1. For segment 294-317, what are the residues that are within 12 Å of ligand 1 (Cβ to nearest atom) and not small (Gly, Ala, Ser)?
2. Check Pro204, Pro231 and return the single one that is out of contact with any Pro (no Cβ under 6 Å at 6 or more places or on another chain) and more than 25 Å from His267 (Cα to Cα).
3. Can you tell which of Leu262, Leu239, Leu256 is out of contact with any Asp or Glu (no Cβ under 7 Å at 6 or more places or on another chain), modelled with pLDDT of 95 or more, surrounded by 23 or more Cβ atoms within 10 Å (Cβ to Cβ) and within 19 Å of Lys293 (Cα to Cα)?
4. Go through (1) more than 13 Å from ligand 2 (Cβ to nearest atom); (2) buried (at least 16 other Cβ atoms within 10 Å of the Cβ); (3) within 18 Å of Leu64 (Cβ to Cβ) and name the single condition Leu122 misses.
5. Could you tell me which numbered condition His267 fails, if it satisfies all but one of (1) more than 16 Å from ligand 1 (Cβ to nearest atom); (2) buried (at least 18 other Cβ atoms within 10 Å of the Cβ)?
6. State which residue pairs qualify: first residue on the phi < 0 side of the Ramachandran plot and inside segment 284-308, second residue aromatic (Phe, Trp, Tyr) in any location, beta carbons under 8 Å apart, and separation of 6 or more residues or different chains.
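The values are calculated or read from the model by the stated rules, or taken from the named source; none is laboratory data. Just so it is clear, the model here is predicted, and its values are computed rather than measured. No Cβ is skipped: glycine too gets one built from the backbone with ideal geometry, and neighbour counts run over all protein chains shown.
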Amino acid sequence: MIDTYGRDIYYLRLSVTERCNLRCRYCMPEEGICKKKHEEMLTENEMVQAVEVAASMGFRKVRLTGGEPLVQKNILSICQRVAAVPGIQEVCLTTNATLLPELAKPLREAGVSRLNISLDTLDEEKYTYITRRGRLEEAMSGIEAAIAAGFQKIKINAVLIGGFNDDEIEKLAELTLCYPVDVRFIELMPIGDSEEFGQEAMIPCEEVLRRLPQLTPCEHDGGVAALYHLPGALGNVGLIRPISQHFCDTCNRMRLTADGKLKPCLHSSQEFNIKGLDKDGVEQQLKEAILAKPARHAELSAKHRSESGRNMNQIGG
Ligand code: SAM
Ligand code: SF4
């Protein structure tokens, strides 16, 4: 469906859970989430119904996210059912990779076509620090399991955090030399728990170009990243700049949270409930949510924090 500003909205980001097996410092609090009642969350049938309604309105791409989607017990069934919805051409999933050693192959068999994997550091101690509990080894085994399962065009996303991983830009980008993956640097967003890193942590992606002058620009793939290439690399290096160059003009997304709220914009608190609604009710809410998409989000900076009103694990990124 076309929104008020002429943008074709065809990409649904469906968060299947707020829970996670990690606690990344910029994403969620150490104590985890304040557990919502089971009845407040979307059921599997409600998620599939929402995708069916979205597909009937022209949505073609679904990304399953979270929290960590792979901690959700029925994730394979959700993937299978979403992939089978007529009109849905692509089912992607964003994960921290730690559970991929067991799940990469079943996910592919369930119809997931693409994986985005979050990895902010290649240093074991720093990995455990930033995730407050994870082990780098598990994430790396997950990446290898995804490649072995035959996933193509895997994207590794690293949140660029000044004073934490800006000294690893080269090492992270060089993953594209040994693995057939794209490595994308994402500017840290002032949302939820990212405040503890302070103003210095919010560095622009330009820093990647300064550190890697050998990067050459390459053709845009239609996504939100500007793409570059290292000589001899198997994949590209991407820069995603939500702060220094927002991409609202080309926004094609609608977000659906695990507790059933449609979010027209990541950085706005405006939400449209679909929990408990039948197909007609969902359709009405989805139409309203699309028409409520703003031309762009309010200013974002260390001083102007996101107006989202949620932590990232409660939205899905
Ligand atoms: N658990 C999965 C994962 O980590 O890939 C999916 C959910 S996670 C909320 C989705 C993405 O949001 C991750 O790539 C994460 O790095 C990113 N994210 C979370 N908080 C962020 C922030 N403050 N700024 C930029 N990206 C953030
Ligand atoms: Fe979990 Fe992903 Fe948030 Fe990290 S970024 S705490 S892995 S939901």
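1. Leu300, Arg305, Arg310, Asn311, Met312, Asn313, Gln314, Ile315 - these are the residues of segment 294-317 that are within 12 Å of ligand 1 (Cβ to nearest atom) and not small (Gly, Ala, Ser).
2. Numbers: Pro204 fails: more than 25 Å from His267 (Cα to Cα).
Sole residue among the options that is out of contact with any Pro (no Cβ under 6 Å at 6 or more places or on another chain) and more than 25 Å from His267 (Cα to Cα): Pro231.
3. Numbers: Leu262 fails: out of contact with any Asp or Glu (no Cβ under 7 Å at 6 or more places or on another chain); Leu239 fails: within 19 Å of Lys293 (Cα to Cα).
Leu256 is the lone residue from the list that is out of contact with any Asp or Glu (no Cβ under 7 Å at 6 or more places or on another chain), modelled with pLDDT of 95 or more, surrounded by 23 or more Cβ atoms within 10 Å (Cβ to Cβ) and within 19 Å of Lys293 (Cα to Cα).
4. (3)
5. Going through (1) more than 16 Å from ligand 1 (Cβ to nearest atom); (2) buried (at least 18 other Cβ atoms within 10 Å of the Cβ) one by one, His267 breaks only (1).
6. Gln285/Phe272; Leu286/Phe272; Glu288/Phe272; Ala289/Phe272; Ala292/Phe272; Lys293/Tyr5; Ala295/Tyr5
Matching residues to (1) surrounded by 18 or more Cβ atoms within 10 Å (Cβ to Cβ); (2) within 15 Å of Val159 (Cβ to Cβ); (3) away from ligand 1 (no atom under 16 Å from the Cβ):
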{"position": "Met189", "(1), (2), (3)": "yes, yes, no"}
{"position": "Glu195", "(1), (2), (3)": "no, yes, no"}
{"position": "Cys205", "(1), (2), (3)": "yes, yes, no"}
{"position": "Arg210", "(1), (2), (3)": "no, no, yes"}
{"position": "Asp221", "(1), (2), (3)": "no, no, yes"}
{"position": "Leu230", "(1), (2), (3)": "yes, no, yes"}
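To keep it simple, each residue is scored yes or no on (1) surrounded by fewer than 19 Cβ atoms within 10 Å (Cβ to Cβ); (2) within 15 Å of ligand 1 (Cβ to nearest atom); (3) at pLDDT 95 or above; (4) in a helix (DSSP H, G or I).
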| residue | (1), (2), (3), (4) |
| --- | --- |
| Thr4 | yes, no, yes, no |
| Leu14 | no, yes, yes, no |
| Thr17 | no, yes, yes, no |
| Met28 | no, yes, no, no |
| Lys35 | yes, no, no, no |
| Leu42 | no, no, yes, no |
| Glu46 | yes, no, yes, yes |
| Ala50 | no, no, yes, yes |
